[in-house]
1. If eta is 1.002 mPa s and T is 20 °C, what Stokes-Einstein diffusion coefficient results for the range 97-244, Kirkwood Rh from Cα pairs, in µm²/s?
2. Quick one: Kirkwood hydrodynamic radius for the range 211-254, alpha-carbon pairs, angstrom, one decimal?
3. Based on alpha-carbon centroids, what's the gap between the range 359-384 and the range 237-262 in Å, whole number please?
4. Where does each of 397-405, 334-342, 93-101 land if you order them by average Cβ count within 10 Å, highest first?
5. Enter the Cα centre distance for the pair the range 172-206 and the range 24-38, rounded to the nearest angstrom.
6. How many percent of all Cα-Cα pairs in the range 351-493 sit more than 24 Å apart?
7. For the range 186-338, what relative contact order do you get, as a whole percent, if you take Cα pairs closer than 8 Å and at least 6 residues apart?
8. Between residue 407 and residue 193, what is the label-to-label distance in nm when each label sits 7 Å out along the Cα-to-Cβ direction?
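Just so you know, all these numbers are worked out from the coordinates, no wet-lab data involved. None of the values given here were measured: they were computed from a predicted structure. Using ideal geometry, Cβ is built from the backbone for each residue, glycine included, and neighbour counts are taken over all protein chains shown.
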Ligand code: AMP
Ligand code: MG
């Protein structure tokens, strides 16, 4: 039998430029690797040959059993604040960076396996992942990508043929994922905690070259780097809140320097708008609640800033602190600007007025405590822009307040250049019909774990085009039925 060689072309800068930042490693051999999902579209963007990779040979590669030619598999070192407490050593305990590939436009991506076995960073863990969480991350990442929020993406999901022990016995699986990089706030913390400032500088230079090359010649490039990372985090978290996404574990090891959503664990989208929404079973105090995410992003950026102080000014630490503090203090204003700009579009405004922020704040105060479905509200608002208010009003227990808000909104629309048709059209381009509804995700994962991938594939297809309402998909539009109960997700990684 002839085997077509997969055409990965690796160009591994992390392995070659950052010796001492990782341990060269290899995956464990899986007993019977099998591809469950393969992302043809992403493969094609990356210039990979699906016909060669969506095969037994691809399964062996994506399970970690066989390293493709040109890969430099390694486990990355990182530290991190988890729920506020610092762990000096985390690192890739069950992940393996295979290497970097360039997409068709020359953009560099990491190709990483998650669940490929123990590494020197595994501590007490088994280095494995279960099928449920692997499929969950695949689905959430693809949904997020389609919602236009920066994210890592899934290239393939593979079952390993091995049983693994969690709260019960589960099927072992590996996720092959693609990210702009896996540099985290926690990567900087790892070396800063050891006072290895040369390494922090080397890492910062690498991160700047890879993600913020425009800063290379800046006189204060490390401060500019902090500003740039802050801006991307502000945009990311604004994007999350605009679709009602709760990441669930915004530990500093789960904050990507690139500004992408990374490490989908116990995450979920809200049905009803509720800033206090928490889904993770371990987040008992609501540290990572929906509405707390901007404050936590700022807290995480403060941890990054601390690692950069000796680079910002090696001789005058007070001066460095002053400069960095200004950046951190500016985060909320930056966040609010990005949030307000996004919200303007969601409520159908094409022009700017200073009072828009207050109009938007009022809206969220009206929604809070009324169990209003976040996604349906904005989608139905496009109907209200065409003069049909019924669907919006029906979402409120007490429609009195929203009626006054709609009146204020209409006054504002009179001073906006778009006509109603243009406005409704523009709103429908940014307000999704379909999001990963928790009851749909659970249903799909349960079926998949029992061997029926059909509901999962259907959901994945629905979510790949979230802004286009399609006939026959009404069942994917609404919130969970009442008997679905309070939703909890588990770190059951
Ligand atoms: P995560 O919850 O995926 O963000 O992981 C947090 C840390 O725990 C990282 O250092 C992971 O590598 C490690 N980890 C999570 N699950 C496992 C596992 N099953 N085996 C080894 N390490 C793990
Ligand atoms: Mg993580």
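1. Values: Rh = 17.6 Å.
In µm²/s, the coefficient rounds to 122.
2. Values: mean 1/r = 0.0829 Å⁻¹.
Computed over Cα pairs of the range 211-254, the Kirkwood hydrodynamic radius comes out at 12.1 Å.
3. What the calculation gives is 22 Å, centre to centre.
4. Working: 397-405: 13.8, 334-342: 17.4, 93-101: 23.6.
So the peptides 397-405, 334-342, 93-101, ranked by packing, come out 93-101, 334-342, 397-405.
5. Using only Cα atoms to place each centre, the spacing works out to 24 Å.
6. Values: 4266 of 10153 pairs.
The answer is 42 percent, as a whole percent.
7. Values: 184 pairs, mean separation 41.5, N = 153.
Reported relative contact order: 27 percent.
8. 5.7
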